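Working notes, structure below.
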Amino acid sequence: MLKVNVYVTLKKEILDAQGLVIRKAIKQIGYENVNEVRFGKFIQLEIDDKNKSEEEIKKEIDYLSDKLLSNPNIENYRFEMVGK
Amino acid sequence: MLDVEKEYIKLGLKENEFEKIKGFLKRNPNYLELSIYSVMWSEHCSYKSSRPLLKNFKTTGTYVLQGPGENAGILDIGDNQAIVFKMESHNHPSAVEPYQGAATGIGGIIRDIFAMGARPICSLNSLRFGKIESSQHQKYLFEMVVKGIGDYGNCMGIPTIGGEVYFDKTYEGNCLVNAMSVGIAQQDRLMKSKAFGTGNQLVLMGSSTGRDGIHGATFASDELNEKSEARRPSVQVGDPFMEKVLLEVCLELIEKKLILGLQDMGAAGITSSSVEMASKGNVGLDIDVAKVPLREPSMVPYEIMISESQERMLALIEPSKFAEIKNICNEWNINCEAIGTVTDNGLYRIFKGRELLGEIPVKTLTDEAPVYHHEYEKPKYLQNISDDILQEEDYKKIEKKYSHNEIFKRMIASPNICSKKWVWEQYDHMVQTNTAVLPGHDSSVIRIKNTKKAIAFSCDGNGRYCYLDPFRGALIAVAETSRNLACSGALPIGLTDCLNFGMPEKPGIFWQFKNAIDGIINACETLDIPVISGNVSFYNESFGKAIHPTPVIATAGLIKDVDKIIDSAFKDENDDIVLIGRKINNESVNDNMGGSEFLEVFFEKVSGKCPDIDIEYEKRLQRLCLDLIDGRFIKSAHDVSSGGLAVTIAESCIYGKMGAEINASLLGNNFLKTFYSEPQSQILISCQPENLEKIEKYCIEAKIPFEKIGKVKGTFISINSEIKIGISEITKIFDNNIEKIMTH
Amino acid sequence: MSFDKKPYFGILVFPGTNCETDCFHVLKNILGARCKYVWHKESQVEDINAIVIPGGFSYGDYLRSGAVAKFSPIMSFVRKFASKGGLVIGICNGFQILLEESLLPGAMLRNNTLKFICRYSHLKVTDTDNPFTSGYKSGEIIRMPIRHNEGNYYIDDNGLLEIKENNQVILKYCDSSGKEDASSNPNGSIENIAGICNKKRNIFGLMPHPEACCEKILGSDDGKTIFESMVNNII
């Protein structure tokens, strides 16, 4: 089993309403130094990597992230393999 | 090996109860058996403190097909159609985890409805929080509860069409979340939950079983304190998408006549649902825990048996139908396993594969569960409270401090009075396209497609009145829901209740409970409204202090002709405004300011006498209102309640976007008393001037006082020349105040 | 038109769809059209003249509204059907699915209020030269309920320019006088956009629920014209 973390966030140019609310709340608590908050999704996959090369797996995750886990019109994604 | 002698206390059983169990089994129970007893004998499942009193409810009547005892009650609405409904509390889980607590409360009550074979058509809810103006935590609870209800109901595609929200200090440590769901069914497709037929199987459908809410039923039967926060893992998590799928599957199975009985899995999970089915059918059951699909494979049998994982149902089937049922479940991608078999030995036996893990006579878990007849005594706080009333100089003081316009605006701005739009706009209240009267009016109305019929609902419960006088307070709650229905033209045909009280072991609390029950019984007898389902929630206390006794009543009314529905909004310029039901000379006995919103807003206290009510008189008033609507003599009707006559007038103006010129005779020459006291049995109506005479005749005949108090006019509300304020200004305060508080 | 030649609507049903019966009721009982439900696992539907993708929460909308539904077998049929010019209307969640499937341009963000919104909204019909709103007067102000969590329409600058140039914007949020501004924008949608069509004008997506306002008893029957327009354009 291979563990993969996928992170999905709104693109820079898109208004991140949730992020703004969180930033406001942080300031209210008194942490004035937090300037920007981006809200996103964290998706953890456990993948059966028997008989597959790392390249093949990366391709699969790329495909999934692009087609399903994120909407390329508004979101960016990145992923990291975090080990077995 | 665990020492069960020490474990029973941790599981919430009392010593005498443990002795009773040993007597039944003629041996020591093992831990699994003990767990099963503890959940089945919890207050939540057994109603051991309330059962003897609830027996006295009127539960039969012209329209009743099923009274209390099933997953929900059923009323006959003609044309082979039935409506099914019930209200249930989810107070404790919501106090600890408001979002999930509220969401799973909705999920649970919806399952109760489709367990009866009905398609859910609407939900309502009754909520109580501490004051949101002064506490971030209360805001948080309110915000998350509303979101939890909305997210669940919206996803299910069931409109949340109404309800009520009140804020009062008394609920600061213990909010109330009472949820009601209503379904409609063909009478010949109704389901029961009774197990029967040796060899028939019990099939578990829906979510996998995890460790959610282990000992949730015992949690609900305990007071909240600092330890409750630490018990968060007990709170279950809801999955509305799964429930939507489960709903469609169950209705399809019923439609195809594949199942013989259906039961929702709520508190105490597999245990309580299967035991109840067995007990109702007087049969035995063998359950195999190895067949239960698990989310966490390491779960031990007792955890599997009492897990409260949500979105699961139990169906009774003939074994030959299993394959077809499994196919349908596969099509929708949900679990479906036969986990139990009906036997004829009256025993509840738990197996893991072939290994017998526990064996309990079914009836000892249900009919022979302990019953408590608690002591009761009139609580001490009531000794002087009714003498603590407003004196003439108190009124003068207020009038000196504020202008009448300011007093009026303050009343309208009170979160208990102003619009709850902020709440219902987060609920999909229109899906299924039947909502004929949108939220905000006296009652919410659902039309029945392809008929002329509609069903109206109203929900009410005034904790302050009940605190001052639980008998009269509860009676008023029933009367007010029924009056609200009358105001839309609906004849009340049945009700459900949620009785929220403190610890029943305290004699003062049990006195409140007993009196409230008597009040409901009294109102139901006179108004001829049966109780068809309901729920009791005790232990609503925090740090030893109980909430105000809060029996919440939700009543259903039948409308025969949708074209005759009216609401509370003024309709046309120059219409006459008439107050019916006001007894001018009665105010010396009771100032009707006791427990009022006015007293709370300006004096921050709950005291005085609960308003009077003559239930026979009330009945005549409601009958009169229905007759006036049926004859199409009136264009709007609005019940006078919280906040008094001034607030009632304001609401009819705001909803109608029209002004009014009011000139009503004063009670005891006191403006504030006249317009802010809360006397019962009054309805504000509006009509075309041509109908005034006819209406008066009806009133005389019904021996109900009649007073024309003004006209619908212009863009200002003007009341006895003391209040004068533009509709747009007052509407802004009314519509936006909660949002303003919440975003502050 | 002979009786059995009435227009025939296919109403798609995904797990979690919850407005399919509302659409069915309007089409059959109010418009007298024929209609049937089409399960998401089907890959071929015979005889239908138009497809309705109704509202709801397909697959719970747990990932993103409409994100999972686009992988259903029926969606490749929808694509084929639309490419041949068949009429497709996506309402609310249906609109979100059409966006996810790229049958319409742009994407949906969460409402800028961060709350589910259920209420009547005024809308301006900004285009009537299409089979869905041809029954309205151009510029007409109508009232329809909106009921969504993610109705904040987004499209990048180039895309916006393009849909405006091609008159693809069909409905816009406004107030009762027709003013389109921030205060009449319920969810933050770019330029108050509430409904758009594709370039070929046979695919229409909108956030408001026309099927919920086709009878006076529900407070408005302004939505009926959309379905009537479709019926008239099928013949």
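Restricted to the range A:1-19, and to residues there that are more than 11 Å from chain C (Cβ to nearest Cβ) and aliphatic (A, V, I, L, M), the residue that is surrounded by the most Cβ atoms within 10 Å (Cβ to Cβ) is A:Val4.
Candidates B:Ser677, B:Ser686, B:Ser728, B:Ser718: the one that is in contact (Cβ under 8 Å) with a residue 12 or more places away in the chain, surrounded by 15 or more Cβ atoms within 10 Å (Cβ to Cβ) and within 30 Å of B:Gly130 (Cα to Cα) is B:Ser677.
The set of residues from the range C:121-146 being closer than 30 Å to B:Lys420 by Cα and in contact with a Cys (Cβ under 8 Å, 6 or more places away or on another chain) comprises C:His122, C:Leu123, C:Lys124, C:Ile141, C:Arg143, C:Met144, C:Pro145, C:Ile146. In the range B:561-582, which residues are within 27 Å of B:Gly668 (Cβ to Cβ) and among the β-branched types (Val, Ile, Thr)? Hits for the range B:561-582 are B:Ile577, B:Val578, B:Ile580. The helices (runs of 4 or more DSSP H) found entirely in the range B:235-328 include none that carry 2 or more residues being among the aliphatic types (A, V, I, L, M), outside the structural domain of B:Leu347 (by TED's automatic domain parsing) and within 30 Å of B:Val145 (Cβ to Cβ). Restricting the search to helices (runs of 4 or more DSSP H) fully inside the range B:636-722 and requiring at least 2 residues that are over 14 Å from B:Val578 (Cα atoms) and under 35 Å from the mean Cα position of the chain (by Cα) gives B:644-656, B:671-676. Checking every residue in the range A:20-33 against the condition of being within 14 Å of chain C (Cβ to nearest Cβ), charged (D, E, K, R) and more than 23 Å from C:Leu98 (Cβ to Cβ) gives at least one match. Listed by first and then second residue, the pairs with beta-carbon distance under 8 Å, at least 6 apart or on different chains, first residue in the range B:342-355 and in the same structural domain as B:Gly261 (by TED's automatic domain parsing), second surrounded by fewer than 15 Cβ atoms within 10 Å (Cβ to Cβ) and part of a loop (DSSP other than H, G, I, E, B), are B:Val342/B:Thr198; B:Val342/B:Gly199; B:Thr343/B:Thr198; B:Asp344/B:Thr198; B:Gly346/B:Asn282. Here is the figure for the range C:72-89: residues that are closer than 27 Å to C:Ser229 by Cα and either within 14 Å of chain B (Cβ to nearest Cβ) or in contact with a helix residue (DSSP H, G or I) (Cβ under 8 Å, 6 or more places away or on another chain) (or both) total 4. Applying a threshold of 7 Å to beta carbon distances and a minimum spacing of six or more residues, or different chains, the list of pairs starting in the range B:412-438 at a residue that is more than 7 Å from chain C (Cβ to nearest Cβ) and ending at one that is among the aromatic types (Phe, Trp, Tyr) reads B:Ile412/B:Phe734; B:Pro415/B:Phe167; B:Asn416/B:Tyr166; B:Asn416/B:Phe167; B:Cys418/B:Phe734; B:Ser419/B:Phe734.
Considering (1) within 14 Å of chain B (Cβ to nearest Cβ); (2) over 16 Å from the mean Cα position of the chain (by Cα), the lone condition that C:Arg147 does not fulfil carries the number (2). Quick check on B:Lys48: is it crowded, with 18+ Cβ neighbours inside 10 Å and among the basic types (Lys, Arg)? Yes: the conditions hold for B:Lys48.
Which is outside any strand (DSSP E or B) and either closer than 23 Å to C:Asp157 by Cβ or under 12 Å from the mean Cα position of the chain (by Cα) (or both), of A:Lys58, A:Lys12? The match here is A:Lys12.
For first residues located in the range A:25-45 and over 19 Å from B:Tyr140 (Cβ atoms), partners that are loosely packed, with under 10 Cβ neighbours inside 10 Å and small (Gly, Ala, Ser) and lie 6+ apart or on another chain with Cβ distances below 8 Å do not occur.
Taking the range B:439-449 as the range and being within 14 Å of another protein chain (Cβ to nearest Cβ), touching a strand residue (DSSP E or B) at 6+ places or on another chain (Cβ under 6 Å) and over 18 Å from B:Ala650 (Cβ atoms) as the test, the residues that pass are B:Ser444, B:Val445, B:Ile446, B:Arg447. From the residues in the range C:48-71 that are touching a Phe, Trp or Tyr at 6+ places or on another chain (Cβ under 6 Å) and either in a loop (DSSP other than H, G, I, E, B) or facing another protein chain (nearest Cβ under 10 Å) (or both), which one is surrounded by the most Cβ atoms within 10 Å (Cβ to Cβ)? The residue in question is C:Ser58.
The values are calculated or read from the model by the stated rules, or taken from the named source; none is laboratory data. Just so it is clear, the model here is predicted, and its values are computed rather than measured. Neighbour counts run over all protein chains shown; Cβ positions are idealised from the backbone, glycine included.
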